[in-house]
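**Q** Take a look at the following structure, please.
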């Protein structure tokens, strides 16, 4: 236990792996531990998109959308081997959102992120473009592009690159306790090992407050809302390489996305839960997703058409709004405990993990050794 790391990270999801990669690449000594597989929880249960967050515009989250669009461009550039641009079609219905509002939203979506190589939005006559897919009542559609990505692979590639830069990556090794002894963080692991560090980062996603209260023995005033997002997978519903964004009367949206060549991925739901432990999709969620799809597609689906399902628990920052309106942005809670830093990371999304990682190192700069190397992950490809 003689070595003292610059950073110890609890949690091997996309945020933890991204921080480890960035920090190790700047020459800092890094150790990361996860109680399971790297990228094995929330970070592999997403809708598998790097996106600007079109619907966040309705909540006036222009800063988040701008940052997300810029990051969409960067992440696609550095991870082209596991991602691809894909067109999304929004069939228009005046009962939910007027055409002018969607057009205005897409104008902002096209331009908020600055220069891009991703195609701009356009309007389609759906009866001519997709006559065999959508019901006849949907006459007009709006197309925009986002990036489909292998979320679990993205997380693993970040961890692997961190390891190449001498980071210590520990899977299936739960943090049992973190305490301060002789002016250093001492982290006790499930395998009996004890590790010393100057800085402690809690990036344990939906388990963040549980980790803080039970393992670090510190109370936090920050509250999170745990929201389950569930998906169903069916055999391919149509042959065209296009995704659909279906609007629902509750103002939520459901995606239908081509998946792994042979399937369609349908999601997501938003259901508040009490525990970070994932209990999977409910019958009510399945009914909701099937109903949404059947409202738009000529080809109707039933429960028996589902070949697989998955769910993920997202930790959103509590701001007493409905789940669909709670911000997807991230918040840092930096605590100084007996002169040692503890950084708790609340919220965040797959798209902005890289920018979040950069900001972590900015905020912790005074606690880390001096380095000449600045931001670098925006130009180094993941492989």
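The values are calculated or read from the model by the stated rules, or taken from the named source; none is laboratory data. Here the structure is a predicted model, which means the values were calculated and not measured. So basically every Cβ, Gly included, is an ideal-geometry build from the backbone, and we count neighbours across all protein chains shown.
**Q** Considering only segment 237-259, how many residues are closer than 16 Å to residue 134 by Cβ, in contact with a helix residue (DSSP H, G or I) (Cβ under 6 Å, 6 or more places away or on another chain) and not in a strand (DSSP E or B)?
**A** 1
**Q** Across segment 134-189, what is the total count of residues that are assigned to a strand (DSSP E or B) and over 30 Å from residue 255 (Cα atoms)?
**A** The qualifying residues number 16.
**Q** Next question, about the same structure. Among the listed residues 235, 228, which satisfies the condition of being in contact with a strand residue (DSSP E or B) (Cβ under 9 Å, 6 or more places away or on another chain) and surrounded by fewer than 16 Cβ atoms within 10 Å (Cβ to Cβ)?
**A** When all the criteria are applied, what remains is 235.
**Q** Then there is this: From (1) out of contact with any helix residue (DSSP H, G or I) (no Cβ under 9 Å at 6 or more places or on another chain); (2) farther than 24 Å from residue 144 by Cβ; (3) touching a residue at least 40 places away in the same chain (Cβ under 8 Å); (4) surrounded by fewer than 21 Cβ atoms within 10 Å (Cβ to Cβ), pick out the condition that doesn't hold for residue 285.
**A** Result: residue 285 passes all but (4).
**Q** Of everything in segment 302-331, what is modelled with pLDDT of 90 or more and out of contact with any strand residue (DSSP E or B) (no Cβ under 6 Å at 6 or more places or on another chain)? Give them in sequence order.
**A** Result: 302, 303, 304.
**Q** How many of the residues making up segment 1-50 are over 30 Å from residue 244 (Cα atoms) and outside any helix (DSSP H, G or I)?
**A** Residues flagged as over 30 Å from residue 244 (Cα atoms) and outside any helix (DSSP H, G or I) within segment 1-50 amount to 25.
A quick yes/no check of all residues on (1) without any contact (Cβ under 8 Å) to a residue 60 or more places away in the chain; (2) out of contact with any helix residue (DSSP H, G or I) (no Cβ under 8 Å at 6 or more places or on another chain); (3) buried (at least 19 other Cβ atoms within 10 Å of the Cβ):
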position: 39; (1), (2), (3): no, no, yes
position: 46; (1), (2), (3): no, no, yes
position: 69; (1), (2), (3): yes, no, yes
position: 79; (1), (2), (3): no, no, yes
position: 89; (1), (2), (3): no, no, yes
position: 95; (1), (2), (3): no, yes, no
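**Q** Would you mind telling me which numbered condition in (1) surrounded by 20 or more Cβ atoms within 10 Å (Cβ to Cβ); (2) closer than 29 Å to residue 70 by Cα residue 160 fails?
**A** (1)
**Q** Taking segment 104-124 as the region of interest, how many residues are touching a strand residue (DSSP E or B) at 6+ places or on another chain (Cβ under 7 Å) and either in contact (Cβ under 8 Å) with a residue 60 or more places away in the chain or not in a loop (DSSP other than H, G, I, E, B) (or both)?
**A** Looking only at that region, the number is 5.
**Q** Let me ask something additional. If we scan segment 178-186, do we find a residue that is surrounded by fewer than 22 Cβ atoms within 10 Å (Cβ to Cβ) and within 30 Å of residue 94 (Cβ to Cβ)?
**A** The answer is no, given that none of the residues of segment 178-186 is surrounded by fewer than 22 Cβ atoms within 10 Å (Cβ to Cβ) and within 30 Å of residue 94 (Cβ to Cβ).
**Q** Out of (1) surrounded by fewer than 20 Cβ atoms within 10 Å (Cβ to Cβ); (2) without any contact (Cβ under 8 Å) to a residue 60 or more places away in the chain; (3) part of a loop (DSSP other than H, G, I, E, B); (4) touching a helix residue (DSSP H, G or I) at 6+ places or on another chain (Cβ under 9 Å), the odd one out for residue 217 is which?
**A** Of the numbered conditions (1) surrounded by fewer than 20 Cβ atoms within 10 Å (Cβ to Cβ); (2) without any contact (Cβ under 8 Å) to a residue 60 or more places away in the chain; (3) part of a loop (DSSP other than H, G, I, E, B); (4) touching a helix residue (DSSP H, G or I) at 6+ places or on another chain (Cβ under 9 Å), the odd one out for residue 217 is (4).
**Q** Further question: Just the residues that are over 21 Å from residue 55 (Cα atoms) and assigned to a helix (DSSP H, G or I), please, taken from segment 291-312.
**A** Those that are over 21 Å from residue 55 (Cα atoms) and assigned to a helix (DSSP H, G or I): 294, 303, 304, 305.
**Q** When you scan segment 260-281, how many residues do you find that are touching a helix residue (DSSP H, G or I) at 6+ places or on another chain (Cβ under 6 Å) and either loosely packed, with under 12 Cβ neighbours inside 10 Å or farther than 24 Å from residue 54 by Cα (or both)?
**A** 1
**Q** Identify, by number, the condition in (1) in a helix (DSSP H, G or I); (2) crowded, with 20+ Cβ neighbours inside 10 Å; (3) in contact with a helix residue (DSSP H, G or I) (Cβ under 8 Å, 6 or more places away or on another chain); (4) at pLDDT 95 or above that residue 74 doesn't meet.
**A** (2)
**Q** If residue 56 satisfies all but one of (1) in contact with a helix residue (DSSP H, G or I) (Cβ under 8 Å, 6 or more places away or on another chain); (2) closer than 13 Å to residue 152 by Cα, what's the number of the condition it fails?
**A** Only one criterion is unmet by residue 56, namely (2).
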